[in-house]
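**Student:** Below are the structure tokens for one structure; questions will follow.
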Amino acid sequence: MRLAALFSGGKDSTVSLYRAMQDGHEITHLVTAVAANPDSYLFHTSAINMAELAAEAMGIPLVKVIIESTFDTGEAEELKEALSKLDIDGITLGGVSSNYQGNIFTGIASKLGLEVVAPFWEKPHEELIEYALDSGFKIIFVSISADGLDQSWLGRELNRETYEELKKIRETHRIDIGGEGGEYCTLVLDGPIFKKSIKIEDSEISWKGMAGKLIINKAILSEKATQ
């Protein structure tokens with residue numbers, strides 16, 4: 001099928017669209033919602049300014065949807081309007097267990113007569129993370145908001161070592177291992193579908209109370225090392 005991927009630049013949406021491609025689907029567009037509400041429950045907002053660069057790195061056209069509404073029904077309607085203009089058979093979702101997002105996105109697809117491809121839906125989030133690491137994706141943490149995770153996590157890579165640390169923190173602080181409860185957000189810098197890598201040249205940390213974000217001021221695309 002010809003699919004548009006709902007894309008934030010984070011691990012869930014990126015790895016899910018890759019899995020859909022591996023399953024034989026064609027990703028014709030990346031659809032990125034840029035929400036007016038920085039605390040949107042529907043859309044990922046951390047490092048969303050990197051989506052355009054990520055799309056260029058993968059060589060897939062980006063459809064950037066500026067969301068002006070600040071409440072969920074309005075946000076959903078604006079996304080539906082954008083999707084209605086695309087020549088596609090369905091959409092891909094990166095969601096794993098968020099019924100809130102899942103219900104809204106599948107509802108939009110149903111109204112438009114689109115299929116929904118969500119490769120990791122209702123599977124253990126560990127499966128997505130393991131698949132990402134096995135496939136060679138380079139992922140960093142760009143926001144943190146949970147007990148057990150401090151400022152030092154911002155900018156760190158999600159790799160085998162930090163994954164094991166997350167498992168230990170889950171045991172002591174009961175965090176969602178995939179960050180789907182808002183504990184953390186990620187950005188993918190490289191992977192098997194990237195023709196070039198994203199290189200961060202200038203960034204800073206914004207930290208308030210027990211939460212913070214990695215603010216990326218400048219990033220470029222760099223050539224990947226040849227095998």
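The values are calculated or read from the model by the stated rules, or taken from the named source; none is laboratory data. The model shown is predicted, which means the values in this text are computed figures rather than measured ones. We place every Cβ from the backbone using ideal geometry, glycine too, and count neighbours over all the protein chains shown.
**Student:** If I filter the stretch 127-182 down to residues being in contact with a His (Cβ under 9 Å, 6 or more places away or on another chain) and not charged (D, E, K, R), which single residue comes out as surrounded by the most Cβ atoms within 10 Å (Cβ to Cβ)?
**Tutor:** GLY179
**Student:** Kindly indicate whether any position in the stretch 160-169 is in contact with a Ser or Thr (Cβ under 9 Å, 6 or more places away or on another chain), aliphatic (A, V, I, L, M) and at pLDDT 95 or above.
**Tutor:** No, the stretch 160-169 contains no residue that is in contact with a Ser or Thr (Cβ under 9 Å, 6 or more places away or on another chain), aliphatic (A, V, I, L, M) and at pLDDT 95 or above.
**Student:** Scan the stretch 197-204 and give yes if some residue there is part of a helix (DSSP H, G or I), of a type in the set (Asp, Glu) and modelled with pLDDT of 95 or more, otherwise no.
**Tutor:** No: the stretch 197-204 contains no residue that is part of a helix (DSSP H, G or I), of a type in the set (Asp, Glu) and modelled with pLDDT of 95 or more.
**Student:** Grab the helices (runs of 4 or more DSSP H) fully contained in the stretch 1-109, keeping just those with 1 or more residues being buried (at least 18 other Cβ atoms within 10 Å of the Cβ), in contact (Cβ under 8 Å) with a residue 12 or more places away in the chain and among the polar types (S, T, N, Q).
**Tutor:** Ranges flagged: 11-22.
**Student:** If I ask for residues that are among the acidic types (Asp, Glu) and closer than 22 Å to ILE220 by Cβ, which ones from the stretch 139-191 would you list?
**Tutor:** GLU157, ASP190
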